[in-house]
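Chemist: Okay, here's the structure, questions in a sec.
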Amino acid sequence: MIPSLVPWPAEVGLRQGALRLDVSEPRAVLARARHARGDSPQEGYRLRIDADGIRIDAATPAGAFYGERTLRQLVSRDAEGYFLPFVDIRDTPRFAHRGIMLDVARHFQSVEVVERLIERAADLKFNALHLHLTDDQAWRLALETHPELARHGSATSIGGDAGGFYSVDDVRRIVTHAARHHMVVVPEIDLPGHTHAVGLSHPELVADPVLAPSVVEVVERFGGGLPRAGAPYTGLAVGFSSFDAHAPRLEEFLHEVFAEVASLFPGPYLHLGGDEALGTSNEDYRSIVDMAVRAVAATGRLPIAWHEAGAADLPREAVFQYWGFLSPTDEHAELVDRAASRGGSFILSPADAVYLDMKYDEETAAGLTWANGPTSVERSYSWDPSDVIAVPEERILGVEAAVWTETIADEATLEHMVFPRIASAAEAAWSRPLGSPERSWERFRDRLAGLGALWDAEGIRFFRSPEIPWA
């Protein structure tokens, strides 16, 4: 498990010598590689570069693909042109799930933007794209069984910005593009809370908004107005909405929705949300989550839920996604303990490390600061998945960076907030534990500096953090 970003320290496979390249840009080096079938693990590979050329051995296409990602990052340039260092690498990832979540509900992102994010995340060896498709502000998926959901619930975004939705053809295009980059797409239909947009077409399925003091406080700080039943919501407040656990057709509705979602997204998981249902009683919460679990089970898929779902009875094979802090609060630690007691595995998305919508510093134009203040590049890097929650490492499925889009309305802002901190999540997911010889902040900072030129060549509008000595 070498670090996700290269080149790496000299003791990790680096040898004397270099291979000169007659290429016009770094990506062209991929055509110079010879491929062979090897005996590496599922996503592992062996990369050898010497005077005879470039060879990648892998047991699977995914392993060969990741070998190519490392190869491209190794390209350097001097006065004589492009070159590659001589190396002999055997590499395999630490965790099976290496994801990035994109919230397209608060601000819609076009298919083209999603495709570019897939490409750039795959370059860093991510293998999952989690799409947060529904929330209070919008329902972004045009279902053939329930076209009214997108027709009534997708017109706007936060702040009254333009909305949008994905057609069935759009979804197929995204899923196909992801598969070409060895990524699976995990769709999220959030419930019991975050369901205000459903009420625009199905008022009989949702409860009236619960205007708790926290909701009023967010409205006073950020504007957007208080949510009203039957009216689109374009503010930032959360926790006020819920399905009605006693609605006669709710379970039938959930079965219909999850059945079609499963038909569109061929991966092993369906994400049912479960977070921030602050206006839902404990009894109703468990009842609705149980309905959703039954609906997911009927599709043959495994459920993923935010860690609050530890309060419900998810099956032992379920996956819980932890979004609390690096040092969990007592409330979140209790929910994690309850989830862990049921079995299953965990995806780690600590908000004060890999929520990429947090400000870098107080001067950052976009972003929020609720996750223990701004998140610098160093803080995004300096944590280890095994140190966050009290579960053994074999029950950690992986790491997922998250991009919530309350303040991210366009691709330029998205790139600025995602890059370079996405590289921190990539290393946490792929590489050895923090503190290993290959993985330290000082070495990461220097390697990340070299990656800036590659991002420039790709046209990525990344944040040139003063923490990094950019080349």
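The values are calculated or read from the model by the stated rules, or taken from the named source; none is laboratory data. What you are looking at is a predicted structure, and each value in this text was computed from that prediction instead of being measured. Ideal geometry is used to build each Cβ from the backbone, glycine not excepted, and the neighbour counts take in all protein chains shown.
Chemist: Which members of region 147-160 meet the condition of being in contact with a Ser or Thr (Cβ under 8 Å, 6 or more places away or on another chain) and not in a helix (DSSP H, G or I)?
Modeler: Initial filter on region 147-160 (in contact with a Ser or Thr (Cβ under 8 Å, 6 or more places away or on another chain)): 148-149, 151-153, 156-160.
Matches in region 147-160: Thr156, Ser157.
Chemist: Give the residue, chosen from Ala425, Ala390, that is under 24 Å from Ala339 (Cα atoms), among the aliphatic types (A, V, I, L, M) and crowded, with 21+ Cβ neighbours inside 10 Å.
Modeler: Ala425
Chemist: Scan region 150-197 for residues that are surrounded by 22 or more Cβ atoms within 10 Å (Cβ to Cβ), among the aliphatic types (A, V, I, L, M) and without any contact (Cβ under 8 Å) to a residue 60 or more places away in the chain and jot them down.
Modeler: Of everything in region 150-197, just one residue is surrounded by 22 or more Cβ atoms within 10 Å (Cβ to Cβ), among the aliphatic types (A, V, I, L, M) and without any contact (Cβ under 8 Å) to a residue 60 or more places away in the chain, namely Ala150.
Yes or no, residue by residue, for (1) in the same structural domain as Ile347 (by TED's automatic domain parsing); (2) within 20 Å of Arg77 (Cβ to Cβ):
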{"position": "Ser424", "(1), (2)": "yes, no"}
{"position": "Ala428", "(1), (2)": "yes, no"}
{"position": "Ser431", "(1), (2)": "yes, no"}
{"position": "Pro437", "(1), (2)": "yes, no"}
{"position": "Ser440", "(1), (2)": "yes, no"}
{"position": "Arg445", "(1), (2)": "yes, no"}
{"position": "Leu448", "(1), (2)": "yes, yes"}
{"position": "Gly452", "(1), (2)": "yes, yes"}
{"position": "Ser465", "(1), (2)": "no, no"}
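Chemist: Check region 218-234 and report whether any residue there is hydroxyl-bearing (Ser, Thr, Tyr), surrounded by 19 or more Cβ atoms within 10 Å (Cβ to Cβ), closer than 30 Å to Asp169 by Cα and more than 22 Å from the chain's Cα centre (by Cα).
Modeler: Yes.
Chemist: Can you pull out every residue in region 335-346 that is out of contact with any Phe, Trp or Tyr (no Cβ under 7 Å at 6 or more places or on another chain) and either modelled with pLDDT of 95 or more or crowded, with 24+ Cβ neighbours inside 10 Å (or both)? So that I can check it myself, show each step before the final result.
Modeler: Going through region 335-346, the residues out of contact with any Phe, Trp or Tyr (no Cβ under 7 Å at 6 or more places or on another chain) turn out to be 335, 337-338, 340-343, 345.
The one that is out of contact with any Phe, Trp or Tyr (no Cβ under 7 Å at 6 or more places or on another chain) and either modelled with pLDDT of 95 or more or crowded, with 24+ Cβ neighbours inside 10 Å (or both): Ser345.
Chemist: Yes or no: Glu276 on the phi > 0 side of the Ramachandran plot, under 27 Å from the mean Cα position of the chain (by Cα), surrounded by 14 or more Cβ atoms within 10 Å (Cβ to Cβ) and acidic (Asp, Glu)?
Modeler: Numbers: on the phi > 0 side of the Ramachandran plot: yes; under 27 Å from the mean Cα position of the chain (by Cα): yes; surrounded by 14 or more Cβ atoms within 10 Å (Cβ to Cβ): yes; acidic (Asp, Glu): yes.
For Glu276, the condition - on the phi > 0 side of the Ramachandran plot, under 27 Å from the mean Cα position of the chain (by Cα), surrounded by 14 or more Cβ atoms within 10 Å (Cβ to Cβ) and acidic (Asp, Glu) - is met.
Chemist: Same structure, new question: In a loop (DSSP other than H, G, I, E, B) and either at pLDDT 95 or above or over 30 Å from Ala128 (Cβ atoms) (or both), is that true of Leu254?
Modeler: Values: in a loop (DSSP other than H, G, I, E, B): no; either at pLDDT 95 or above or over 30 Å from Ala128 (Cβ atoms) (or both): yes.
So Leu254 does not fit the description; no.
Chemist: Same structure again: Using the structure shown, decide if Ala262 is surrounded by 15 or more Cβ atoms within 10 Å (Cβ to Cβ), under 28 Å from the mean Cα position of the chain (by Cα), small (Gly, Ala, Ser) and in a helix (DSSP H, G or I). Outline the logic, then answer.
Modeler: On the way: surrounded by 15 or more Cβ atoms within 10 Å (Cβ to Cβ): yes; under 28 Å from the mean Cα position of the chain (by Cα): yes; small (Gly, Ala, Ser): yes; in a helix (DSSP H, G or I): yes.
In short, yes.
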